[in-house]
Structures are given as structure tokens and as C-alpha cells.
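Novice: Structure incoming, see below.
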Amino acid sequence: MSKKPKKEKEPKAEKAPKMKVCPSCKEEIPKKAKVCPHCAAKQKQNILPLLLALVLVLVVGAGVSIVVFHFPIAPPFDLPFGTKSISDTMLGQTMELSKKEEKAVLAVFEECGFTEITDVRTLSSGEASSTYAVNDRDTSRYMEPGKTIVVELENEDKTVTSISCDGSDIYRDGEAVAPVTDFYMGLEQRDALLSVCLSAVKARLDLPETAVFPAKSKWTYTTDGDKVTVQSTVTVKNASGQEETRPFIVEFEKGDFVSMSFVETETE
């Protein structure tokens, strides 16, 4: 038997390349061409697929981070899903605030006259609300020992319910009642009283030109309603030329000078 001759395979027809129009010369050219063969104009490449791929990678990576790692590094924005991103500031960490919540709390502090918050500590934590002791730059320096500024915060939506100082309201029912500056004596007030004290003390010295007063940090200011008591010392030479340090007390009421007296010590 004679073998049937094998059929020769017909060559496959080459696919025509996809074409596009050159934006420069308007001639039809291959879609993948980087340079137009007619006018030599460079062709812009479509980067949309690359951008879509990059976005897909970022979305997948974020999803893995949320589910597996619970965001070991907090993102710089609030997410509508997953674990809440806590602000990395002292205030945000202590009160467990997101950046958006922290901004709202700081707006209330600013309305009440607070400056830069320097200290926050938790006092109590209940089911509905929590309380915190808060100080800013000025209250830390000038508020009398024993006075505490208390901030009450709702746990669910992190809104400020109240701010008070020793039972007196600073903020209540969504509005400022009194500025925090009403609850301590600031630098300007202290300097004004100090100036009066210097004059009052020198007027009662035999040799006022020898008087030396301590630094401002060594002066004590105590308030009791409208009354203010200022205590400090003065080092002065006596009639025999010897130096002695004499404690004194100056009293004010409603900002007006009332009295000045030297405090007798055991050695006198």
C-alpha cells in the first residue's frame, strides 16, 4: 500500500497589528509604536493600566494590614472601617482620640482659654464617661497647688461634657461658662502685684537702696476669693552694716493694696 502524501500545513496568516492615529501627523501607525515612522514624533504611553495596578496593590496591602496586623503603624487619617486610628499625641493617647476627635476637643479647650496642653492624666473611667486632669502651659506654672482642672468626656462619641476647677464650671452644656484664666493668677497679674510689693517693702526699710529681692520663682501668691496674699523675702543691710534676710507678707483685696508686714523669725 502506498502511503498517502502528508498535507503541508498552511502558514498562519499574520495578525494585522492594532493601529492608532499619530496625534502629530494624523497618519495611521502601529498602536505600540513609541516613535511615529512618518514624522518621528514621540508617542505618549498609556499609564492608566499601571496606575490601576498600583491602586490595587495598595488596597490589598491595606486590607492585609488591617485584618492581620491591625495597623501596627497608625495611618494619618481616620478610616471608616476597622480599628480606630488613635492620634499619637499625649492628649490623643490618654483620651483615646482619633485626629478628628482630638481636633474637636482642642477647639473646646481653645474656647475656654487654654493654651498648649502640657499634662493629661486619667482620673476615672466609667461606662458612659471618663474624667481627666488637664493642665496647659500657664496652669502648670501658675495654678496654686491643690487646684485641679477636671475634664469629663463621653466615651462613645468623645465629646466634652464639662470642664471644672475645684467644683466651679469652666465649660458646661456645650458652651464656655468662665475662662480658665479666672482660676489662676497669670504672669501679668503677678508682675503688677510684685511691683506694688517692692515699693511697699522698700518704704519700710532704713536702707532701701541695699535691698535685694529673690527671683520671681521664689515669690508665693495665694488667692482666697477677692483676696491675694503675696509672700517672699528681702535681704538688706541693717544700721551696723550686716546683711539680714527678712520674710514679709503683703495683702491685696480686689487688686488693691491692703497691708504689708514683716514676719518675725525665731532669731529676731
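Each reported figure results from applying straightforward, stated rules to the coordinates on display, with no laboratory input. What you see is a predicted model, and the numbers here were worked out from it, not measured in a lab. Note that we place each Cβ from the backbone using ideal geometry, even for glycine, and neighbour counts take in every protein chain shown.
Novice: Please list, in order along the range 217-230, the HN-Hα scalar couplings obtained from phi with the Karplus expression 6.51 cos²θ - 1.76 cosθ + 1.60 (θ = phi - 60°), rounded to whole Hz, x for Gly and Pro.
Specialist: 5, 8, 9, 10, 10, 10, 10, 8, x, 7, 9, 10, 10, 10
Novice: How many nm separate the modelled label positions at VAL55 and VAL21, each set 7 Å beyond the Cα in the direction of the Cβ?
Specialist: If labels sit at VAL55 and VAL21, their model points lie 2.8 nm apart.
Novice: Could you name the aspartates and glutamates whose alpha carbon sits less than 13 Å from that of LYS147, not counting residues in the same chain fewer than 8 places away?
Specialist: By straight Cα distance, LYS147 reaches ASP166, ASP182, ASP224.
Novice: Taking the Cβ of ILE117 as the center, what net charge do the other residues with Cβ under 12 Å away carry, scoring Lys and Arg +1 and Asp and Glu -1?
Specialist: Around ILE117, the charge tally is -4.
Novice: Using a cut-off of 14 Å between beta-carbons, work out the net charge of the residues near ALA211 (Lys and Arg +1, Asp and Glu -1, ALA211 not included).
Specialist: Details: positive: LYS202, ARG204, LYS237, ARG246; negative: ASP206, GLU209, GLU243, GLU244.
Result for the local shell: 0.
Novice: Oh, and also: Please report the net charge: other residues with Cβ closer than 12 Å to the Cβ of LEU187, K and R +1, D and E -1. Spell out each step's value before the answer.
Specialist: Numbers: positive: ARG137, ARG141, ARG190, LYS216; negative: ASP138, GLU188, ASP191.
Once positives and negatives cancel, what remains is +1.
Novice: Related question: For a test of understanding, tell me how many lysine pairs in the range 187-262 have Cα atoms under 21 Å apart, given they are 8 or more places apart or on different chains.
Specialist: Within the range 187-262, the lysine pair count is 7.
Novice: One quarter of the convex hull surface, Cα atoms only: what value does that give for the range 85-217 in nm²?
Specialist: Average of the hull's projected areas for the range 85-217 equals 9.9 nm².
Novice: Further, regarding this structure: Quick query: amide H of ASP119 versus all other amide H atoms, modeled in the peptide plane; which residues come in under 5 Å with a sequence gap of 5 or more or a different chain?
Specialist: ASN135
Novice: Using modelled backbone amide H atoms (1.01 Å from N, in-plane), which distant-in-sequence or interchain residues come within less than 5 Å of ASN155's amide H?
Specialist: Amide H neighbours of ASN155: SER129, SER130.
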